[in-house]
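Please read the structure below before turning to the comments.
None of the figures in this text is laboratory data; all of them are computed from the coordinates on show. Note that the structure is a prediction, hence the values are computed from the model and not measured. Cβ placement follows ideal geometry from the backbone for every residue including glycine, while neighbour counts extend to all protein chains displayed.
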Amino acid sequence: MTDFVQLCVAGVSIGAIYAMAAIGFVLLWQTSNTINFAQGEFVVLPAFAMVLFFVIFRFPFAVAMVATVLVSTLLLGFGVKELLVTRLLKMGVLPLVIATIGLSLLIRYSLQQFWTPLALPFPAIFSRDPIRLGTIVVSLEELGNILFAAATIGALQVFITHTKLGWAMQAVAQNRTLASVLGINVGRLVTITFMLNAALTAIAAILIAPVYLVKYDIGVSLGLKAFYAAIIGGFNQIRGALLGGLLVGVVETLSAAYISSHFRDAFALVILIAVLLLKPEGIWGVKEEWA
Amino acid sequence: MRRGRSVQPLLAALLTLLAVTSASPQSVIKLPIVAEITGGGASVGAMWRDAVNLAVEEINRKGGILGMKLETSVQDTQTDPPTSVAVMRRVLNDKPFAIFGTVYSSSTVANMDITRQAGVPQFTGSESVIISQKGNDNIFLTSFTQDTGMAKQVRWLLDDLKAEKIALVWVNNAFGKGGHDMFVQFLKERGKAPVVDISTEVQQADFTPELTKVRASGATHVMVYNHEEENARFMIQLRKMGLTVEPVGETTLCAQTTITPGGAAVNGAKCHVGLTAGSPIPLMVDVSRRFQEKYNRVPDHNAFKGYIGVHMLKAAVQRVGGWDQAKVRACLHNNVFTTAEEAGLLMDLYVNEKGSLDRPSFIVEVKDQKSVVVKTVGMLGGPYNVRPCK
Amino acid sequence: MPLGRWALRGLALAAALALCVVLPSTLDQYKLYVMSLTLVYAILAIGLNLTLGYAGQISLCHAAFMAFGSYAVAILGQHGVPFEIGLVIGVTLAFGWGLVLGFPALKVKHHYLAMVTLGFNIIVFLVLRNWESLTGGSFGISNVARPAWGSLSFKSDRAYYFYILAWAAVVVASAYWILTSRWGRAFRAIRENEMRAEVVGVSLMNYKLMAFAVGAAYAGMGGALFAPLLGYIDPGAYTLDRSIQFLMMVVLGGLGRFEGPFIGALVVTVLPEVLRGSEGLYLIIYALAVILMMLFMPKGLVGLWDLAWRSSRSVISPSTSSASPR
């Protein structure tokens, strides 16, 4: 029984990380029909930036964090949107999907070639000392990840439902043409969404880096899990990303321990395929309209 | 005109290829390096390549082998077996004397038949046991395979560490499976079995399932057999969970590429390794220093393998007394080579009839984030006889 | 009298075939291998182009279909079963699974379909890796037998090249036939606009299913021919990365264009050889090329000669406008 709880805590902790990566993914889809296959790499690049600012340049942690978020927002948010997405959106979903696949490969192999193919250490943000609660052992790192992710998602939810910008985003998500007719500058809003996504992935990177270590290929598995999370939970709801992330994390961890570690990667997939066939909009998702 | 346009790129490509593969002068011995320079194996291939180049450079400076200078070239396999096959075929067109590479076992298994058909001896950095099981008399490993390595590992675990209950955590690919199968087999021969046997995936981030199982089993030792990054993550999480089980490993757990990302969490790990930069053997210390001078980084076991491979060739050619591929091949089977005759070998070694090695190895412990040698382990078998090759 | 587009294509193909038959006598084993590999990849690319380029169905699991062909041939070959039977079984397996996956293709669209196929690829990989007794697991299968008809053996590289060429010709001819038939017209209609196609009477279900299944069958064929070429197969050759490699191949060549797969296969196989000096940059160059292509040349490399072709013609007729499906 204690093992079960231990596994659940771990599953929720890693699931929180998946959720962080999945939220921005959902936002992008909602507002601009962009499926960002490079979402994993959007986390890897800020992780490397953190190493640059915090480990190499030795800025204080807060400064490094702010610098990373700024760089990410500029490059991966503003940059990607203006240079790639604006033009490609007009051509339909497929060219954009393919371009983001290309982008993910570009980022991944450029980091490998021009920085390093090896894993870089990253200092822990939260303490790693074991805290014993009965027979269960957790550390501040697990709890920190969960709390931080929850706080970010909560803040985002508040932003979406209680600010003008948030309402505008909701409007664009529901019906782009109508929103535009109502006077919302859709193009600018999409840019803001991209920048928001980039900021989110940068924050996720800071949480993820101590656990995953910083290596050019950590985005592959992370990006995949983010997709699973987004689709399982609900591709068009932020809390869907949270549910999806937690579900994927917990299922993965429990099934590896109790069913089979050989097929570890398959269980979340089975759920994914079941959801796609039975309720394609996701567990907490809402059926999409033709907009 | 339409056809012209589609044939043009083809012709251009072919012409370039022809130019590139034109014959070169015969006064040098060609030793191409076929390795993983890009793709997942980039760091491994780079170490191999750099060490081979270092060895060749040093040999050339001292006059070459039997008066002939050596020439290397580097070919990238992209860590992709079909590409490695293509690259190997291209390289064979140049009629090289021997080939150095590949390092990844899945590529080596794919391309070693072709080198055998061409009769060009191939020195590989692969360690997987399947390579020595394919009945190929043209392949020569530069380390021992998992059957020798795990035999030594189990012996050390049971005899030296007196391990009672051993858990086994291994990565589910050809490398990990080979090690797993051998480990379990040798344990079985001693009447034991792992109390936990759980597989992991490449790029896995969370090891709580593995760690909870290890904890629940009451294991005294856990044999950690993943790739380097995963080992680092595993160790960090092991310490976070406050487990008291003793981590032991074979090569990868105590490698520098595990210690650097894993940090202090890896301290206390004990491993049986074939090669290590922390080796106290003067010849190895010296090579490590020269490698660092030239390349500004510490060599890993893949670098040592490359270096030793070149000197294996040198020793065989010298013993044969000429540049004869068939004789060199025969010389490199069932034979002992010592550092007395060829210092570059760094340690005495025995090449068995399958092309795999038996050689002394080391027990290391990670202290202060460095791999420190605590004991040297002799060859598994022997005594072996030196066979002449003329 | 101006020849129709497809008639011109037929002529070009015949000429290319002649070239492929004559050229090998001048090539060494390395270039022969590269050509053989290119032909195999072209077969796979034709399949994916059919599914994705013509019928607009995203498939990220072509490597899995390829695996069915490869493993069928390899496993059955170990038991002495003739190569052709293994090939037929592999192709049928791939076709069958293509149908199975085709069903969800009806219910879901685009990105959802991408996820289903992606999931399928990963599951197939896991099964291949873990079902040791059947597939050899991570250790793979070596010495995959090449075809032999009694005393006539295709073991030599040159002989096997011609064997591959023969099957490639069959595949290309069948693709040509499909695309010039009503199937082809239906595919193009679906790709342009599903709703409109349905209104006009195109039975979406049948055509989508067929697109998937036939594309999968071609991939199975490619896989069957691939295994003996390499001689050794392991699950690592059939991962998601490989499927993405084929996707890039088809995109680079030109989606939904008949010549696309050939160019794509040629470029992806031959380019690293030509770029030999730039150690390590090929993948970066590909990725960049794919992005740039999507931005400026969504029709792929084929689009390049479209431009040249069009600018060299004095009369611009409506049938060559870029808006109309090809």
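Pairs to check: B:Lys134/B:Lys165; B:Lys314/B:Lys354; B:Lys305/C:Lys155. Give those whose C-alpha atoms are more than 26 Å from each other in this structure. Where the Cα-Cα span goes over 26 Å, the pairs concerned are B:Lys134/B:Lys165; B:Lys305/C:Lys155. Neighbour counting of Cβ atoms within 10 Å sorts the residues B:Ser356, B:Ser143, C:Ser153, fewest neighbours leading, into C:Ser153, B:Ser356, B:Ser143. Over the protein assembly as shown, the hull volume per residue, using the convex hull of the C-alpha atoms, is 172 Å³.
Between the range C:126-163 and the range B:241-309, how many Å separate their Cα centres? Between the Cα centres of the range C:126-163 and the range B:241-309 lies a distance of 39 Å. The mean count of C-beta atoms from other chains within 10 Å of the C-beta of residues in B:234-242, rounded to a whole number, is 5.
Exposure proxy ranking for B:His333, A:His162, C:His111, based on other Cβ atoms within 10 angstrom of each Cβ and starting from the fewest, stands as A:His162, B:His333, C:His111. Relative protection proxy for A:231-241, C:114-124, from highest mean packing down: A:231-241, C:114-124 (other beta-carbon atoms within 10 angstrom). For the listed residue pairs B:Lys213/B:Lys370; B:Lys177/C:Lys31; B:Lys240/B:Lys370; B:Lys30/C:Lys31, the alpha carbons are over 25 angstrom apart in B:Lys213/B:Lys370; B:Lys177/C:Lys31.
Which of the helices in chain A, when you take each full DSSP H run, stretch at least 27 Å along the axis at their Cα atoms and have an average Kyte-Doolittle score of -1.0 or higher?
Helices passing the filter in chain A: A:2-32, A:93-114, A:140-162, A:186-212, A:238-258.
Overall shape of the range B:249-365 was characterised from the C-alpha gyration tensor. The equivalent ellipsoid obtained from it has semi-axes of 30, 16, 11 Å, in decreasing order. Using only side-chain charges placed at the Cβ, +1 for Lys and Arg and -1 for Asp and Glu, the dipole size of the range B:62-131 relative to its Cα centre rounds to 280 debye.
Calculated FRET efficiency, A:Leu52 to B:Gln185, Cβ-Cβ distance, R0 = 41 Å: about 0.30 to the nearest 0.05.
What is the antiparallel percent of DSSP beta bridges lying wholly in the range B:26-163, to the nearest 5?
Expressed as a percentage, antiparallel bridges in the range B:26-163 total about 5.
Across chain B, Cα-Cα distances exceeding 38 Å account for 21% of all pairs. Based on the Kirkwood approach, the hydrodynamic radius assigned to the range C:25-111 is 14.7 Å, with every pair of different Cα atoms included.
Greater than 27 Å separation of Cα atoms is the criterion. Which listed pairs, B:Lys152/B:Lys192; B:Lys62/B:Lys367; A:Lys164/A:Lys215; A:Lys225/B:Lys188, meet it? If you can, show how the numbers build up before the last one.
Details: B:Lys152/B:Lys192 16 Å; B:Lys62/B:Lys367 38 Å; A:Lys164/A:Lys215 39 Å; A:Lys225/B:Lys188 39 Å.
Pairs exceeding the cut-off: B:Lys62/B:Lys367; A:Lys164/A:Lys215; A:Lys225/B:Lys188.
Can you give the calculated 222 nm mean residue ellipticity of chain A, where each DSSP H run of n ≥ 4 adds -39,500 (n - 2.57) and the sum is split over every residue, rounded to the nearest 500 deg cm²/dmol? The helix-only estimate for chain A comes to -23000 deg cm²/dmol at 222 nm. The GNM of chain B, with springs linking C-alpha atoms under 10 angstrom apart, assigns the highest mean-square fluctuation among B:Glu341, B:Glu36, B:Glu365 to B:Glu341. For chain B, set up a GNM with springs between Cα atoms under 10 Å and report which of B:Glu342, B:Glu58, B:Glu229 has the largest fluctuation. For chain B, modelled as a Gaussian network with Cα springs under 10 Å, the answer is B:Glu58.
For the peptides B:191-204, C:221-234, the ranking by mean Cβ contacts within 10 Å, running from highest to lowest, is C:221-234, B:191-204. Each residue in B:Ser288, C:Ser70 was given a count of other beta-carbon atoms within 10 angstrom of its own, and listing them fewest first yields B:Ser288, C:Ser70. For the range B:379-390, the Karplus equation 6.51 cos²θ - 1.76 cosθ + 1.60, evaluated at θ = phi - 60°, returns couplings of 5, 6, x, x, x, 9, 9, 7, 9, x, 10, 6 Hz by residue, with Gly and Pro reported as x. Restricting the chymotrypsin sites (Phe, Trp or Tyr not before Pro) of the range A:11-79 to loop positions (DSSP other than H, G, I, E, B) with no more than 15 neighbouring Cβ atoms within 10 Å leaves A:Phe57.
Coupling constants for the range C:293-298 follow from the phi torsions by the Karplus curve (6.51 cos²θ - 1.76 cosθ + 1.60, θ = phi - 60°), and in residue order they are 5, 5, 6, 10, 9, x Hz; glycine and proline get x. Under the classification rounded if a/c is under 1.5, otherwise prolate if a/b is larger than b/c and oblate if not, where does the range B:110-252 fall, given a ≥ b ≥ c as square roots of the Cα gyration tensor eigenvalues? Prolate is the answer for the range B:110-252, as a/c is 1.5 or above and a/b outweighs b/c.
Near A:Ala230, once Lys and Arg are set to +1 and Asp and Glu to -1 for all other residues with Cβ below 13 Å from its Cβ, the sum equals +1. Computed from backbone phi, the HN-Hα couplings of the range C:50-55 come to 5, 5, 8, x, 8, 9 Hz, rounded to whole numbers (Karplus: 6.51 cos²θ - 1.76 cosθ + 1.60, θ = phi - 60°; Gly and Pro given as x).
Going from the alpha-carbon gyration tensor of the range C:108-260, what semi-axes, largest first and in whole Å, does one get by taking the root of 5 times each eigenvalue? Working shown, then result.
Values: eigenvalues 211, 99, 32 Å².
Equivalent-ellipsoid dimensions as semi-axes: 32, 22, 13 Å.
For chain B, adding -39500 (n - 2.57) for each run of n ≥ 4 DSSP H residues and dividing by the number of residues yields -13500 deg cm²/dmol at 222 nm. Shape analysis of chain A based on the Cα gyration tensor places the equivalent ellipsoid semi-axes at 29, 24, 18 Å, largest first.
How much of the DSSP bridge set in chain B is antiparallel, in percent, rounded to the nearest 5?
Working: 17 of 49 bridges.
Taking every DSSP beta bridge with both residues in chain B, the antiparallel ones total about 35 percent.
Cα-Cα pairs above 11 Å in the range B:143-183: how many percent? More than 11 Å apart: 65 percent of the Cα pairs in the range B:143-183. Axis angle, to the nearest 10 degrees, between helix B:146-155 and the longest C-alpha principal axis of chain B: 30 degrees.
Within a straight-line Cα-Cα reach of under 15 Å, B:Lys375 can be paired with the following aspartates and glutamates, leaving aside sequence neighbours fewer than 8 residues apart in one chain: B:Asp159, B:Asp160, B:Glu250, B:Glu365.
Summing Lys and Arg as +1 and Asp and Glu as -1 over all other residues whose Cβ lies under 13 Å from the Cβ of A:Ala198 gives a net charge of -1. The tail of the calculated P(r) for the range B:16-170 beyond 26 Å holds 35 percent of all Cα-Cα pairs. Electrostatic tally near C:Phe162: other residues with Cβ closer than 13 Å to its Cβ, Lys and Arg +1, Asp and Glu -1, net +2. For chain B, the longest principal axis of the C-alpha atoms and the axis of helix B:228-240 are separated by about 10°. With a 10 Å cut-off around each Cβ of B:299-305, the average count of Cβ atoms from other chains is 0.
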